[in-house]
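Colleague: Please read through the structure below; I'll follow up with questions.
The values are calculated or read from the model by the stated rules, or taken from the named source; none is laboratory data. Values in this document were obtained by computation on a predicted structure and should not be read as measured data. Here the Cβ positions follow ideal geometry from the backbone for every residue, glycine too, while neighbour counts run over all protein chains shown. Accessible surface is based on the protein model in full, side chains and every heavy atom, while ligands, DNA and RNA are left aside. Shrake-Rupley method; radii C 1.70, N 1.55, O 1.52, S 1.80 Å.
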Amino acid sequence: MKNLKYFTTAVFLLLILIGFNFRPDDNHVTSYTSYGNYIPDVMNNINVYDKVLNLHRTINLGTDSLPSFPGFPVTISGSTFEGCIFCNMDSDPDLEIVFNIGYTVQALKLNGTSVPGWPKTVSTYGLEGCPAFGDIDGDGEGEIVVTNHGLTSGGYIYAYKKNGTLLPGFPINHGYSARTPVLADIDNDGKLDIIVNKRTYPTGLVYVYRYDGSIVTGWPKAIGHVPASSPAVGDINNDGFPEIIMESYTGLYAWKANGDSIPGFPFMMPNGDANSYSSPVLADVDGDGFREIIFGTHVSGGGGYVYVIKKDGTVLTGWPKTTSQWVYGPPAVGYVDNDNIFDILVGDQVMSASPSDYVYGWNKNGTPLAGFPIGPVNAVNNQILLGDINNDTYTELIFDDNTMTAGLGQYLGYKYDGTPLPGWPQHTNGTTFFVTPCLTDVNRNGIMDIVGAGISGSSPNQSTNVYIWNTGSAYSPSKVQIPMWQYNARHTGVYGNKDVVSVNEHAANTPSNYKLYQNYPNPFNPSTKIAFDIPKSGLVNITAYDVTGKEVAVIFSGYKNSGSHEVNFNAGSLSSGVYFYKISSNGFTGSKKMILIK
């Protein structure tokens, strides 16, 4: 009996040490029947019985998963959705992680402790979506902007300085604001404005606020139904000012910065479909020099569409494309299979007791990518991250998953060709449902890190478990196309306008100097990427010249916010040879040589 007592005590301590004291949760889509504690074998496998499929399954709990940073996971009461941001909130070069969790805005250092002055707590209603980060008052320092939804009143917009103090004029009693605020300088005054929606059922409004809490002239604007998602903000007609693109439940609206409607809008979906959560993305898909609007929809009874809309409100040839189930996540737009042709990816979602969903990938012409659709997988509810996370020179896909097995959720990883990424999925305590991860280098050591979260428990007693994982692979900003939800900490949804941090920089979002980088790849055929830094928002012109000094192409001409940017140049119409590219912005000029080999 004495030996049995010691053995029982040892098993109990072992369970505590390895952290697998799990019970099934039948509230989740995939549920399992078992009693007592789950004890994994020496390879971290558990044996479970699937009630739906009426069979036993072996589940691996991530023996070879990525190592977590010391101090993580951090467990915080409340739930979160749409993900987090990374930014620099103090004097050291390391990045901080900012989440909206329940009623609190959490700012965490890389050791899991809170930034001084944080967290901040809001009242009345829980926080909506992601925090946004950017310089809204023009003082050279970024601010954190968040919303809580409220009803007809009591929904507020908060703007905090890095030390946690509120800006004068905040909070704004705005009313019911759904999803994530967006920051953009719509009037070129050097200060970012706050773009939010307002639900006034059965209709909605779009507001633009200044740094002092006042409303920008010409706003708000009405939409014909309730707001469906966060807006996208970027220049789609090359007038030097960003346009505001907003979804209602039944249509897509577009306005100039002064509030004037753009001809051809609103675009009303023609297939009996509706918008929910799939925030628009802006990218020059067809290479005509103007950004298109990409968004996903859903159809009552099942199915969805992915649209690509031109600046005049017409549908790009070859689109829309259909999905089997509803599309909730913003599209992921970028270059996936190294053929230098724009690609568009989405996942769909339906409540199901077994994997029933797919990840779709098409090139700009609407042709399915090789190996796609991926699936069946569990429902994908948010945006797919795109980045080379294993240094194989190809783009990988990382996305959320709506299930939980024995208390564990997971992020899924796939390669560019639709095959599973070795070493994945990456497990979390709780489900990753609706939580987009981040790709960055938190501790600035040149190694890529992944930030994510799992939500455990059930409402109203939920907790969010925040993780930072070390991938062990070298971090290259140019190889991360979507580092966080909607491309950047301002959530503008503009392809190429991303928040990236090189290991030699100290500012996470605003470079101190103008810089033009060498194109990548070089030599190239026929497309290449050109990155540049601008410390001040303004017009940017990038042109290409041949060796005689003759201009041969306008690579980019338009407005850019301060920050680090990247544009694509397709030289398909040019012959092989040596060329030069030149940038000009706010009086700065720079040039570099590039080589086209066909």
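Colleague: Collect the residues in the stretch 379-428 that are over 18 Å from Trp469 (Cα atoms), assigned to a strand (DSSP E or B) and touching a residue at least 40 places away in the same chain (Cβ under 8 Å), keeping them in residue-number order.
Modeller: Thr405
Colleague: Right, here's the next one. Looking only at the stretch 195-216, count every residue that is of a type in the set (Phe, Trp, Tyr), open to solvent by less than 70 Å² (accessible area, probe 1.4 Å) and out of contact with any strand residue (DSSP E or B) (no Cβ under 6 Å at 6 or more places or on another chain) and tell me the total.
Modeller: Of the residues in the stretch 195-216, 0 are of a type in the set (Phe, Trp, Tyr), open to solvent by less than 70 Å² (accessible area, probe 1.4 Å) and out of contact with any strand residue (DSSP E or B) (no Cβ under 6 Å at 6 or more places or on another chain).
Colleague: Let me ask something additional. What pairs come out if I take residues in the stretch 163-176 that are in contact (Cβ under 8 Å) with a residue 24 or more places away in the chain and pair them with residues that are assigned to a loop (DSSP other than H, G, I, E, B) and surrounded by 18 or more Cβ atoms within 10 Å (Cβ to Cβ) whose C-beta lies under 6 Å away, six or more apart or interchain?
Modeller: Gly164/Trp118; His174/Gly155; Gly175/Gly150; Gly175/Gly155; Tyr176/His149; Tyr176/Gly150; Tyr176/Gly155
Colleague: Can you name every residue in the stretch 185-239 that is modelled with pLDDT of 95 or more, over 23 Å from Ser153 (Cβ atoms) and of a type in the set (S, T, N, Q)?
Modeller: Thr217
Colleague: Further, regarding this structure: Taking interchain pairs and intrachain pairs at least six residues apart, which have beta carbon atoms under 7 angstrom, with the first residue in the stretch 456-481 and farther than 25 Å from Asn111 by Cβ and the second surrounded by fewer than 17 Cβ atoms within 10 Å (Cβ to Cβ)?
Modeller: Close Cβ pairs (under 7 Å, with a partner that is surrounded by fewer than 17 Cβ atoms within 10 Å (Cβ to Cβ)) amount to Ser458/Asn27; Ser478/Tyr520.
Colleague: Identify all residues within the stretch 429-448 that are more than 19 Å from the chain's Cα centre (by Cα) and either part of a loop (DSSP other than H, G, I, E, B) or within 26 Å of Arg179 (Cα to Cα) (or both); write none if there are none.
Modeller: Once the filter is applied, which keeps residues that are more than 19 Å from the chain's Cα centre (by Cα) and either part of a loop (DSSP other than H, G, I, E, B) or within 26 Å of Arg179 (Cα to Cα) (or both), the stretch 429-448 yields Asn429, Gly430, Asn443, Arg444, Asn445, Gly446.
Colleague: Inside the stretch 191-203, can you point out the residues that are in contact with a Gly (Cβ under 7 Å, 6 or more places away or on another chain) and under 17 Å from Val145 (Cβ atoms)?
Modeller: Listed by number, the residues that qualify are Lys191, Leu192, Asn197, Lys198.
Colleague: Further, regarding this structure: I need the strands (runs of 3 or more DSSP E) fully contained in the stretch 321-374, keeping only those with at least 1 residues that are farther than 18 Å from Asp273 by Cα, open to solvent by less than 10 Å² (accessible area, probe 1.4 Å) and touching a residue at least 60 places away in the same chain (Cβ under 8 Å).
Modeller: Here the list reads 332-334.
Colleague: Kindly list, by first and then second residue, each pair from a residue in the stretch 276-304 that is more than 19 Å from Thr180 (Cβ to Cβ) and open to solvent by 40 Å² or more (accessible area, probe 1.4 Å) to a residue that is among the acidic types (Asp, Glu) and in a loop (DSSP other than H, G, I, E, B), limited to pairs with Cβ atoms under 7 Å and residues at least 6 apart or on different chains.
Modeller: Cβ pairs passing all conditions: Phe290/Asp284.
Colleague: For the stretch 572-598, name all the residues that are closer than 19 Å to Ser527 by Cβ and within 29 Å of the chain's Cα centre (by Cα).
Modeller: Matches in the stretch 572-598: Ile583 only.
Colleague: Just one of the numbered conditions (1) in a loop (DSSP other than H, G, I, E, B); (2) open to solvent by 10 Å² or more (accessible area, probe 1.4 Å); (3) touching a strand residue (DSSP E or B) at 6+ places or on another chain (Cβ under 6 Å); (4) closer than 19 Å to Ala489 by Cβ is not true of Tyr158; which one?
Modeller: Tallying (1) in a loop (DSSP other than H, G, I, E, B); (2) open to solvent by 10 Å² or more (accessible area, probe 1.4 Å); (3) touching a strand residue (DSSP E or B) at 6+ places or on another chain (Cβ under 6 Å); (4) closer than 19 Å to Ala489 by Cβ, Tyr158 fails exactly one: (1).
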